[in-house]
Amino acid sequence: MTAGAGTRRGRAGVRTARGVPPASGDGANLLELRGLRTHFFTRDGTVKAVDGVTFEIGNGETIGVVGESGCGKSITAMSIMRLIERPGQIVAGNVVMHGRDLLKLSDEQMRDVRGNQISMIFQEPMTSLNPVYTCGDQIAEAVQLHEGVSRRQAWSRAVEMLQQVGIPDAKRRAGEFPHQMSGGMRQRVMIAMALSTNPELLIADEPTTALDVTIQAQILELMKALRERNKMAIMLITHDLGVVAEMADQVVVMYAGKVVERSDVTTVFERPHHPYTEGLLRSIPRLGERRARLEVIRGVVPNPLNLPTGCLFKRRCPYRMPICDTAPPFQEVRPGQYSRCWLTPEHEPPTVGLSPAPEVAEEEAERLTVAPR
Amino acid sequence: MARYVFRRTIQALPIFFGISVIVFMVIHLAPGSPVDRFRVPRVSPAQIQRLIELYGLDKPILQQYVSWVTTFVQVWRPEAWGYSFLDGQPVLEKVVTRAPATLRLMGTALAVTVLLAIPVGVLAAVKQYSWTDKIITTFATVGYAIPSFLLGIYILFFGGVVLPQWTGGRFGFPLFGMESFGKQGDVLDLAWHLVLPVTSLAIQQISGWARFMRSSMLEVLHQDYVRTAKAKGLPRGRVLGKHALRNALIPVVTLLGLSIPGLLGGAAITETIFSYPGLGSMFVESVGSRDYPVVLALTMLGGFTVVFGNLLADILYGVVDPRIKY
C-alpha cells in the first residue's frame with residue numbers, strides 16, 4: 001500500500017488511487033467503480049482486460065466510454081453486470097450502487113439488479129434477440145420477472161413499450177418474431193426490453209455500430225428522448241466520437257484496460273490532454289479539409305499478454321520521453337479533467353526532468369496522482 | 001404445410017423407383033440363389049429346375065423386375081409382396097405380424113435415447129471441460145465407436161450369463177426371445193425381454209445423440225441472445241432451460257427423423273443377437289437364405305423409413321423453428 005505518502009492535490013475527500021475507498025453515501029453518484037480489475041486467465045497467460053478502472057456515473061448522467069476494440073470497455077460493462085465468464089474473473093475493485101457493492105451481492109440479489117436497476121443493450125441487434133420467441137414475449141418476460149405482474153399485464157406493458165420506442169402497429173408487432181424485423185427495429189425492441197423495468201442505469205454497448213447511418217441517428221434520438229423521460233443514467237460504450245459528442249455529458253477514454261483520460265465532453269473535444277485522446281480526435285475526418293491521407297494513430301494496440309512497462313501508450317506516442325518507462329501519474333490537469341500522462345497540464349515535459357532516476361519518477365508519479373473527485 | 005407434404009411425397013416417387021431398381025439388381029447380382037439350399041443329394045437336378053421355373057428365376061432380369069414391381073405396389077392385396085421362398089407365407093402378412101415387435105423395440109430404444117441423451121448432452125455442455133463433461137464425452141465416444149454386434153454380445157453375456165451367476169440364479173435377464181413360453185401377452189414379461197436388446201440398441205444411439213446435443217448446446221450458449229437473457233436477470237435455470245435449450249433442440253430434431261432408419265438397421269443386428277422375433281432378425285435370415293421377396297420387401301421398407309424420416313425431420317423443423325415456413 002502506498003497510500004498516505006506525500007501530499008495530494010485535489011479537493012476534500014480525495015481518495016487514494018490504489019487504496020479502496022469507503023462507499024460514499026452522498027447520493028450524487030448513481031454508480032461508482034473503484035479500482036475494478038477483470039483479468040482473463042488463459043493458457044497463454046493473464047490478460048488484464050480491465051486493470052484498475054475508477055470512475056463514477058452521476059444520477060441521470062450520460063457517460064461515454066471510448067476506446068479502440070479490445071481496450072476493455074465492454075469488459076468493464078460486463079463486469080458491472082457481473083456477466084464475466086471463465087476464464088475471466090473480477091479480481092479486485094468495487095462497483096458501488098446505492099451504497100451496496102454489487103460485486104459482494106449474492107447471485108440472487110445480483111439477478112434482481114440485472115435488467116431491473118441496470119439494463120443493458122448490445123451491439124448486435126440481429127443476434128441479441130432469441131429467434132424462437134416473439135418480441136413481445138421477450139419484453140414481457142423481463143417485466144414479469146421484475147415487477148411480479150401477471151402475464152397479461154406484462155404483455156400489455158410490452159406493447160406499450162414498443163409504442164414508446166416508436167414501433168408502428170405495436171400490438172401486431174409484439175406477436176412477431178425477431179427475424180420478421182429489420183436491424184433498427186430489433187434495436188428498438190432491445191431498447192424497449194431494457195427500459196421496460198425503468199432501470200436507473202442503461203448500459204449501451206455500441207448500440208448503433210451495427211446499424212446504418214440514418215438508423216443510427218434515429219436510435220440516438222430515441223435514446224435521448226427516453227433518457228429525458230425516464231431520468232436515467234446511460235453508460236454509452238462506443239468507439240465513435242461523433243456519438244459521444246451527440247450524447248455524453250462526461251467522457252472516459254480507455255486504453256489497454258486503463259482509464260487514460262476523463263473529463264466533461266466539451267473539454268475532451270476542445271482541450272484533450274492525453275496524446276491518445278488527441279490522436280483519436282485527429283483521426284476523425286473533417287468535411288472540407290483536403291488531406292492526402294487520413295490521420296491515424298501509428299502502431300497497434302499492445303499485445304495484452306505482453307504489455308510495455310510504464311506508460312502503455314508510449315510505443316505509439318508522438319511525445320514519448322525516457323520518463324515514460326515509469327508508469328505515469330493520473331493527474332488532474334484542469335479542474336474536472338484527469339489524464340494518465342507525464343506531460344504537465346500545459347503539455348510540457350514534467351518538472352522532474354525527462355529522464356530522472358526511476359525512484360524519483362515513481363515518487364513524482366505518486367505525488368501527482370489524484371483520484372477523480 | 002399440406003401442399004409441402006404432398007410435394008415432398010411426389011418428389012419421393014422417383015427416389016423409390018431408384019431404390020427399387022438398385023435393390024433388385026443388387027440382390028440378383030449377389031452370388032447364391034434361393035434354390036441353393038435344395039442342392040443336396042436327395043433333391044434331383046430336375047426338381048431344382050422346376051423350382052427355378054416356379055420362382056420365375058429363369059426369366060430375363062428386366063422381366064422379373066417388372067413383374068415384381070408391378071405387384072409390389074398393390075399393397076391392398078395380401079399377396080402383393082409375394083410369398084416367402086422359405087415357408088410359402090405371404091410376405092406382407094409376415095411383415096405385419098412381425099412389425100409390432102420391432103416397433104416396440106425401436107420405440108422404447110428411441111424413448112430411452114431421447115430421455116437420457118438430451119439431459120446428458122446438456123449437462124456436458126453446461127459443465128464444459130469439467131470432470132462430468134470428460135466422463136460423459138469419453139463414454140459417448142466409446143459407445144459410439146464400439147461395433148453394435150460386439151456390444152450386443154457383451155450385454156447379452158453380462159445380463160444373461162454373468163448376472164445370474166453372481167446372484168446365484170435369482171436375478172438375470174432372458175437370453176433370447178421376446179416373451180416367455182406360457183406368458184404370452186404379459187406386458188411385464190414383454191418389458192423384461194426388452195431390457196437387454198433396448199440397452200444394446202440405445203447405448204449407441206445415446207452416444208451419438210449426447211455428443212450432438214452437447215455440441216449444439218455449446219454453440220447456443222455462446223450466442224448473444226443467451227447473454228441478453230442473463231442481462232435481463234433471469235435465473236440460470238430459465239436462461240438454460242428456456243432460452244438456450246429451445247434453440248439447441250432445433251438441430252436435434254433433425255436427428256429424430258434421421259435416426260429412425262439407423263434404429264432399424266441397428267435392430268437387424270440387435271434382434272439377431274438376442275434372437276428377438278422382429279423384422280430385423282427376419283431380414284438377416286432372409287438375406288442368408290436368399291429369400292428374395294422378403295429381402296426386397298424389407299429393403300424397400302428401409303428406404304421408406306429413410307425418405308419419410310427425412311420428411312418428418314423437415315416438418316418438425318417447421319414446427320420448432322419460427323424462422324422456417326413451408
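Of all residues in region A:330-350, exactly one satisfies the criterion of being within 18 Å of residue A:71 (Cα to Cα) and open to solvent by 50 Å² or more (accessible area, probe 1.4 Å), namely A:340.
Would you please list the contacts, defined by Cβ atoms under 9 Å and residues six or more apart or on different chains, that run from a residue in region A:297-308 that is more than 16 Å from residue A:47 (Cβ to Cβ) to a residue that is among the charged types (D, E, K, R) and part of a loop (DSSP other than H, G, I, E, B)? So the pair list comes out as A:297/A:68. Among the residues of region A:61-80, the ones that are more than 14 Å from every other protein chain (Cβ to nearest Cβ) and open to solvent by 40 Å² or more (accessible area, probe 1.4 Å) come to 3 in all. Listed by position, the helices (runs of 4 or more DSSP H) enclosed by region A:161-238 that each have at least 3 residues that are without any contact (Cβ under 8 Å) to a residue 40 or more places away in the chain are A:170-174, A:213-230. So which residues in region B:279-293 are crowded, with 20+ Cβ neighbours inside 10 Å and either over 17 Å from the mean Cα position of the chain (by Cα) or small (Gly, Ala, Ser) (or both), if there are any at all? Matches in region B:279-293: B:280, B:281, B:286, B:290, B:291, B:292, B:293. Selection within region A:98-116: residues that are open to solvent by less than 50 Å² (accessible area, probe 1.4 Å) and within 9 Å of chain B (Cβ to nearest Cβ). The member of this set that is farthest from residue A:202 (Cα to Cα) is A:110.
Within region B:29-60, the set of residues being part of a helix (DSSP H, G or I), touching a residue at least 60 places away in the same chain (Cβ under 8 Å) and surrounded by fewer than 15 Cβ atoms within 10 Å (Cβ to Cβ) comprises just one member, B:36.
Rundown of residues vs (1) open to solvent by 30 Å² or more (accessible area, probe 1.4 Å); (2) in contact with a strand residue (DSSP E or B) (Cβ under 9 Å, 6 or more places away or on another chain); (3) at pLDDT 90 or above, yes/no style:
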{"site": "A:290", "(1), (2), (3)": "yes, no, no"}
{"site": "A:294", "(1), (2), (3)": "yes, no, no"}
{"site": "A:299", "(1), (2), (3)": "yes, no, no"}
{"site": "A:306", "(1), (2), (3)": "yes, yes, no"}
{"site": "A:309", "(1), (2), (3)": "yes, no, no"}
{"site": "A:312", "(1), (2), (3)": "no, yes, yes"}
{"site": "A:328", "(1), (2), (3)": "no, yes, yes"}
{"site": "A:352", "(1), (2), (3)": "yes, no, no"}
{"site": "A:357", "(1), (2), (3)": "yes, no, no"}
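Residues checked against (1) within 18 Å of the chain's Cα centre (by Cα); (2) within 11 Å of chain B (Cβ to nearest Cβ); (3) aromatic (Phe, Trp, Tyr); (4) part of a loop (DSSP other than H, G, I, E, B):
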position	(1), (2), (3), (4)
A:82	yes, yes, no, yes
A:96	yes, no, no, no
A:127	no, yes, no, no
A:131	no, yes, no, yes
A:139	no, yes, no, no
A:144	no, yes, no, no
A:153	no, no, no, no
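For region A:301-314, a residue qualifies if it is farther than 12 Å from residue A:71 by Cβ and in a loop (DSSP other than H, G, I, E, B), and the qualifying residues are A:303, A:305, A:306, A:307, A:308, A:309, A:310, A:311. Taken over region B:211-226, the criterion of being facing chain A (nearest Cβ under 9 Å), surrounded by fewer than 22 Cβ atoms within 10 Å (Cβ to Cβ) and either in a helix (DSSP H, G or I) or within 32 Å of the chain's Cα centre (by Cα) (or both) is satisfied by B:224, B:226. Could you run through region A:46-77 and say how many residues are assigned to a strand (DSSP E or B), of a type in the set (Asp, Glu) and closer than 17 Å to residue A:313 by Cβ? Summing the residues that are assigned to a strand (DSSP E or B), of a type in the set (Asp, Glu) and closer than 17 Å to residue A:313 by Cβ in region A:46-77 gives 1. Candidates A:70, A:10, A:60, A:115: the one that is modelled with pLDDT under 85 and either within 21 Å of the chain's Cα centre (by Cα) or within 23 Å of residue A:280 (Cβ to Cβ) (or both) is A:70. Could you grab me the full set of residues in region B:230-242 that are small (Gly, Ala, Ser) and either farther than 20 Å from residue B:119 by Cβ or away from chain A (no Cβ under 14 Å) (or both)? Scanning region B:230-242 gives B:231, B:233.
The values are calculated or read from the model by the stated rules, or taken from the named source; none is laboratory data. Predicted model, so just to flag it, every value in this text is computed and none were measured. All Cβ positions, even for glycine, are placed from backbone atoms using ideal geometry, and neighbour counts span all protein chains on display. The protein model used for the area step is the full one, side chains on, heavy atoms only, and it has no ligands, DNA or RNA in it. Shrake-Rupley method; radii C 1.70, N 1.55, O 1.52, S 1.80 Å.
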